[in-house]
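Below: one structure in structure tokens.
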Amino acid sequence: GNSVTQMEGPVTLSEEAFLTINCTYTATGYPSLFWYVQYPGEGLQLLLKATKADDKGSNKGFEATYRKETTSFHLEKGSVQVSDSAVYFCALSVPAGGFKTIFGAGTRLFVKA
Amino acid sequence: ETGVTQSPTHLIKTRGQQVTLRCSSQSGHNTVSWYQQALGQGPQFIFQYYREEENGRGNFPPRFSGLQFPNYSSELNVNALELDDSALYLCASSLAQGRTYEQYFGPGTRLTVT
């Protein structure tokens, strides 16, 4: 079956610290991989994506590389800001009729000034 | 270009009642997916509609049903509400195009079942 496992939170960092949120997946076939971010009281926003092995998705200083050999898609940022405080979801999408998206449980990030 | 909108924002219902949630897709998008997000968890896929037909379904019972209209707006209907149905319900629109699978989410409807 298809599943996504991401590191449990909360993760608490000081401003300008380096961020890594681990994500591994199990999938039949070749999924597309995503990171979504959810700010308090809001819906999900697409942060970045990668559609094939070795692709690197990047946006707003965040990066993640699609690693087929380790079935991973870890999220990184070199220097976090207080405004990055949110819940981050790793997800995969596979064809299923149209397509089906499976989300991880989410990792809450707190960034202190 | 308008984004994805959902109504109502919040809703309180009693166990056994029925509820209808609404979603307006982003302009030009022909696919809508619905998700249930329980507190502290990731969204769970309920179903997807493409050109007014159900196009895929997750592990939800038949009392969860939906519609997509010619203008690509959509409804989620839940019958015989249970306490465990309390959650944030998210809709997401997308344009079926190859393997893009890129979705745009609405702000959600918070349903509380008492």
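Take the stretch A:80-101 and flag every residue that is in a loop (DSSP other than H, G, I, E, B) and more than 7 Å from chain B (Cβ to nearest Cβ).
Of everything in the stretch A:80-101, those that are in a loop (DSSP other than H, G, I, E, B) and more than 7 Å from chain B (Cβ to nearest Cβ) turn out to be A:VAL80, A:GLN81, A:SER85.
Return yes when A:PHE62 is more than 13 Å from every other protein chain (Cβ to nearest Cβ), on the phi < 0 side of the Ramachandran plot, modelled with pLDDT of 95 or more and exposed (fewer than 13 other Cβ atoms within 10 Å of the Cβ) and no when it is not.
no
Ok, one more. For the condition over 14 Å from the mean Cα position of the chain (by Cα), within 13 Å of chain B (Cβ to nearest Cβ) and within 25 Å of B:SER25 (Cβ to Cβ), what is the one hit in A:GLY106, A:GLY57, A:GLY43?
Answer to the selection: A:GLY43.
Sticking with this structure for a sec: Among the residues that make up the stretch B:17-25, is at least one of them without any contact (Cβ under 8 Å) to a residue 24 or more places away in the chain, within 20 Å of A:THR101 (Cβ to Cβ), of a type outside the set (A, V, I, L, M, F, W, C) and buried (at least 18 other Cβ atoms within 10 Å of the Cβ)?
The answer is no; no qualifying residue exists.
Could you tell me whether A:PHE99 is among the hydrophobic types (A, V, I, L, M, F, W, C), touching a Gly at 6+ places or on another chain (Cβ under 9 Å) and in contact (Cβ under 8 Å) with a residue 40 or more places away in the chain?
So A:PHE99 does not fit the description; no.
Between A:THR51, A:THR24, which is buried (at least 17 other Cβ atoms within 10 Å of the Cβ), polar (S, T, N, Q) and within 10 Å of chain B (Cβ to nearest Cβ)?
The match here is A:THR51.
Just need a number here: residues in the stretch A:19-53 that are assigned to a loop (DSSP other than H, G, I, E, B), touching a strand residue (DSSP E or B) at 6+ places or on another chain (Cβ under 7 Å) and more than 18 Å from A:ILE102 (Cβ to Cβ).
1
I'd like the residue in the stretch B:1-16 that is more than 24 Å from B:GLU82 (Cβ to Cβ) and of a type outside the set (Gly, Ala, Ser) and, out of all such residues, is surrounded by the fewest Cβ atoms within 10 Å (Cβ to Cβ).
By that ranking, first place goes to B:GLU1.
The values are calculated or read from the model by the stated rules, or taken from the named source; none is laboratory data. This one's a predicted model, so the numbers in the text were calculated from it and none came from an experiment. Virtual Cβ from ideal backbone geometry, glycine too; neighbours counted across all protein chains shown.
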